[in-house]
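Q: Here it is, the structure in full.
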Amino acid sequence: MDFSDTREEAAFRTEVRAWIDANAPKHLKPYLEASGFGTTNTGGYDTFAEAKAWQRRKAEAGWACLVWPKEYGGRGATPIQNVIWGQEEGVYGKLSGAFIIGQGMCAPTLMSAASETHKARYIPKIASGEEVWCQLFSEPASGSDLAGLRTRAEKDGDDWVINGQKIWTSGAQHSDYGILITRTDPTVAKHKGLTMFFLSMKSPGVDIRPIKQANGQSEFNEVYFENVRIPDSQRLGAVGDGWRVSLTTLMNERMAIGGGIATGFPDLMELVEDLPLGDGTAVENPVVRARLADWYVKAAGLKNTSARLLTALSKGQTPGPEASIGKLVAGNMMQDIAKFAIDLQGLGGALTDPTIAEGAARFQAMLLRSPAVRIEGGTDQILRNIIAERVLGLPEDMRADKGIPFNEIPSGASR
Ligand SMILES: Cc1cc2nc3c(=O)[nH]c(=O)nc-3n(C[C@H](O)[C@H](O)[C@H](O)COP(=O)(O)OP(=O)(O)OC[C@H]3O[C@@H](n4cnc5c(N)ncnc54)[C@H](O)[C@@H]3O)c2cc1C
């Protein structure tokens, strides 16, 4: 494997670098650099407005959603050019958080299942950030087992009437639209009675309630639906085919979330170089060095796995279920590193104020965000199942409700 740029890639990188240098919102750079993991600090500036402005500027110059076709607001670029863009955008990429779900998951779903009229109307505005989308999948009793969802859609004339509840809906409070998976037929096996729609988040009967998180932010929400009406024309795919449509969303989710997750290892290396411990610095301590060696090996493994994926992309291949490995290893590693770095800081580890805490409190931010990394886009256990079944070819997990009509699965809940 040769990981250096080809001549064309190097020329593309130069072009990207020049455009970013001339156009990036440099007034935000110091704040973005100091932003703790999973947070976007823009000083006194309005983060959402700044994110939209940067996205719009990129879109106007043809630098939004690079791999999408031009008619959808993209550039028709190759996946490897997209990777180069991400590397060069660097710290300004932290402004893209509000658009990840719309661009990474909703738009690919619309591309595969929406009418041509809807594609032309909605996808370019997702690219430019003018309209923000969310993903209404998880429910209180269905996350990993998504097909166990209970939100109902019932046909009434040309509309569907929605009743139920979603949870953990990232960005719902800022969203204009959402993709929604519902149960339209409870009398067939759970995967078969599902139907997918998109809807305006401003529809009457949609009630969005932000959830307060451990890190003080409210990234996600509960969303209640009470007699919400969705026209049949906003159905994505056939009635009863929602599971197949949702697999497009979920496959894209693994790619959007799973690629290039931080591990905290470079941050730890920086910390131990200067942190006093015993008679010297932490990096001189043999116990610390043994831990560093373990993490170095894992970080190298991740780097090479990700390079293998990039090589596949640059050859026009689609990465398979092995893409699940990156998030599984990196999420665990980040949590372990954050705990270790905080322990090394002794009493100072309890400080969370970036202006006084060691390493600008980045490990504290990592510790608070890392459990979410191990859950979002597939929990550790679900990723292990995928790797076991689809990469290693081991026997399938037990699925006790397989083939049973949804309304006959014992649950203790009334339907
Ligand atoms: C930061 C964040 C953002 C999110 N954003 C969204 C969003 O925008 N839209 C959305 O719809 N959802 C979102 N989610 C929800 C996410 O998809 C679910 O949390 C996830 O799928 C897990 O579902 P659950 O929370 O119901 O846990 P459960 O599925 O109830 O799992 C509980 C525990 O059981 C384990 N488990 C479950 N099944 C198995 C099995 N078969 N074998 C072994 N162990 C198993 C799990 O690994 C876990 O440890 C978000 C979650 C997070 C953390």
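The values are calculated or read from the model by the stated rules, or taken from the named source; none is laboratory data. Everything numeric in this text was worked out from a predicted model, so none of it was measured. Positions of Cβ are generated from backbone atoms using ideal geometry, with glycine treated the same way; all protein chains shown enter the neighbour counts. All accessible areas refer to the heavy atoms of the entire protein, side chains included, with ligands and DNA or RNA removed. Shrake-Rupley method; radii C 1.70, N 1.55, O 1.52, S 1.80 Å.
Q: All but one of (1) within 16 Å of the ligand (Cβ to nearest atom); (2) surrounded by fewer than 17 Cβ atoms within 10 Å (Cβ to Cβ); (3) over 30 Å from G301 (Cα atoms); (4) free of Cβ contacts under 8 Å to residues at least 60 places away in the same chain hold for L247; which doesn't?
A: (3)
Q: All but one of (1) within 16 Å of the ligand (Cβ to nearest atom); (2) open to solvent by 10 Å² or more (accessible area, probe 1.4 Å); (3) at pLDDT 95 or above; (4) of a type in the set (D, E, K, R) hold for K166, so report the exception by its number.
A: If we test K166 against (1) within 16 Å of the ligand (Cβ to nearest atom); (2) open to solvent by 10 Å² or more (accessible area, probe 1.4 Å); (3) at pLDDT 95 or above; (4) of a type in the set (D, E, K, R), just (2) comes out false.
Q: Within the bounds of segment 121-136, is there any residue that is open to solvent by 60 Å² or more (accessible area, probe 1.4 Å), more than 11 Å from the ligand (Cβ to nearest atom) and assigned to a helix (DSSP H, G or I)?
A: Narrowing segment 121-136 to residues open to solvent by 60 Å² or more (accessible area, probe 1.4 Å): 121, 125, 130.
Cutting the leftovers down to more than 11 Å from the ligand (Cβ to nearest atom) gives us 121, 125, 130.
Checking the rest, the ones that are also assigned to a helix (DSSP H, G or I) come to 121, 125.
Yes, some residue in segment 121-136 is open to solvent by 60 Å² or more (accessible area, probe 1.4 Å), more than 11 Å from the ligand (Cβ to nearest atom) and assigned to a helix (DSSP H, G or I).
Q: Which members of segment 380-406 meet the condition of being open to solvent by 60 Å² or more (accessible area, probe 1.4 Å), of a type in the set (A, V, I, L, M) and near the ligand (Cβ under 9 Å from one of its atoms)?
A: M398
Q: Please state which of the following conditions G216 fails to meet, knowing it meets all the rest: (1) more than 12 Å from the ligand (Cβ to nearest atom); (2) touching a residue at least 24 places away in the same chain (Cβ under 8 Å); (3) under 22 Å from A49 (Cα atoms); (4) open to solvent by 40 Å² or more (accessible area, probe 1.4 Å).
A: In the conditions (1) more than 12 Å from the ligand (Cβ to nearest atom); (2) touching a residue at least 24 places away in the same chain (Cβ under 8 Å); (3) under 22 Å from A49 (Cα atoms); (4) open to solvent by 40 Å² or more (accessible area, probe 1.4 Å), G216 misses (2) alone.
Q: Assess whether A330 counts as being assigned to a helix (DSSP H, G or I) and either at pLDDT 85 or above or under 21 Å from the mean Cα position of the chain (by Cα) (or both).
A: Details: assigned to a helix (DSSP H, G or I): yes; either at pLDDT 85 or above or under 21 Å from the mean Cα position of the chain (by Cα) (or both): yes.
Yes; evaluated as a whole, the condition is true for this residue.
Q: Farther than 18 Å from R254 by Cβ, among the acidic types (D, E), in contact (Cβ under 8 Å) with a residue 40 or more places away in the chain and open to solvent by 20 Å² or more (accessible area, probe 1.4 Å) - does that describe any residue in segment 89-100?
A: Taking every residue of segment 89-100 in turn, none turns out to be farther than 18 Å from R254 by Cβ, among the acidic types (D, E), in contact (Cβ under 8 Å) with a residue 40 or more places away in the chain and open to solvent by 20 Å² or more (accessible area, probe 1.4 Å).
Q: Follow-up question, since we're still on this one. Restricting to segment 145-163, give me the number of residues that are open to solvent by 50 Å² or more (accessible area, probe 1.4 Å) and in contact with a helix residue (DSSP H, G or I) (Cβ under 8 Å, 6 or more places away or on another chain). Reasoning before the result, please.
A: Of all residues in segment 145-163, those open to solvent by 50 Å² or more (accessible area, probe 1.4 Å) come to 145, 150, 152, 154-158.
Among the residues that remain, those that are also in contact with a helix residue (DSSP H, G or I) (Cβ under 8 Å, 6 or more places away or on another chain) are: 155, 158.
Matching residues across segment 145-163 total 2.
Q: Restrict the check to segment 359-379 and report whether at least one residue is assigned to a helix (DSSP H, G or I), touching a Leu at 6+ places or on another chain (Cβ under 7 Å) and away from the ligand (no atom under 15 Å from the Cβ).
A: The initial filter retains those residues of segment 359-379 that are assigned to a helix (DSSP H, G or I), namely 359-373.
Keeping just the survivors that are touching a Leu at 6+ places or on another chain (Cβ under 7 Å) gives 359, 361.
This time we only want the ones that are away from the ligand (no atom under 15 Å from the Cβ), so: 359, 361.
Looking for residues that are assigned to a helix (DSSP H, G or I), touching a Leu at 6+ places or on another chain (Cβ under 7 Å) and away from the ligand (no atom under 15 Å from the Cβ), one finds at least one in segment 359-379, hence yes.
Q: A further question on this structure: Mind checking which residues of segment 315-359 are touching a residue at least 40 places away in the same chain (Cβ under 8 Å) and hydroxyl-bearing (S, T, Y)?
A: Result: S324, single match.
Q: Now for a separate question. Search segment 295-314 for residues that are assigned by TED's automatic domain parsing to the domain that holds G326 and farther than 18 Å from V272 by Cβ and pair each with any residue that is surrounded by fewer than 17 Cβ atoms within 10 Å (Cβ to Cβ) and of a type in the set (S, T, Y) when their beta-carbon atoms are under 9 Å apart and the residues are at least 6 apart or on different chains.
A: Pairs found: A312/T318; S314/T6.
Q: May I pose another question? Taking the criterion of being within 14 Å of the ligand (Cβ to nearest atom) and either modelled with pLDDT of 90 or more or not in a helix (DSSP H, G or I) (or both), would at least one residue in segment 338-356 satisfy it? Can you show your working first?
A: First, the residues of segment 338-356 that are within 14 Å of the ligand (Cβ to nearest atom): none.
No, that holds for no residue.
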